[in-house]
Amino acid sequence: MIFSVKRIINGKPYLRDEDRMIASSWDEAESKLTIGVTAGRYDSTCSIEGILIEDIGVSDSFLEEIRYKRSQLN
């Protein structure tokens, strides 16, 4: 299974592709995270966010549309 790791940078949560990990169970993922924090791969803000089911590409125009709609709400 592929697990996503949430990292807090400047107070904002991020799910970065390079932070993903492969593990056979949630316990193994937690263990790998602990080892990664000790080794410096992950920092103390990192936590297992969930299991990645499917990775799809999102176009820039789709993201711009979302940003535009969010700006209209404010």
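Quick look at the numbers
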| quantity | calculated |
| --- | --- |
| Every residue from the range 9-35 that is in a loop (DSSP other than H, G, I, E, B), surrounded by 11 or more Cβ atoms within 10 Å (Cβ to Cβ) and either free of Cβ contacts under 8 Å to residues at least 12 places away in the same chain or over 14 Å from the mean Cα position of the chain (by Cα) (or both) | Arg16, Ala23 |
| Qualifying residue in the range 36-59 (condition: at pLDDT below 95, assigned to a helix (DSSP H, G or I) and either surrounded by 11 or more Cβ atoms within 10 Å (Cβ to Cβ) or at positive phi (or both)) | no |
| Residue check for Val5: within 15 Å of the chain's Cα centre (by Cα), among the hydrophobic types (A, V, I, L, M, F, W, C) and not in a loop (DSSP other than H, G, I, E, B) | yes |
| Given (1) exposed (fewer than 13 other Cβ atoms within 10 Å of the Cβ); (2) modelled with pLDDT of 95 or more, number of the condition Glu65 does not satisfy | (2) |
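The values are calculated or read from the model by the stated rules, or taken from the named source; none is laboratory data. Small disclaimer: the values here were computed from a predicted structure and weren't measured. Note: ideal-geometry Cβ built from the backbone for every residue, glycine included; neighbour counts use all protein chains shown.
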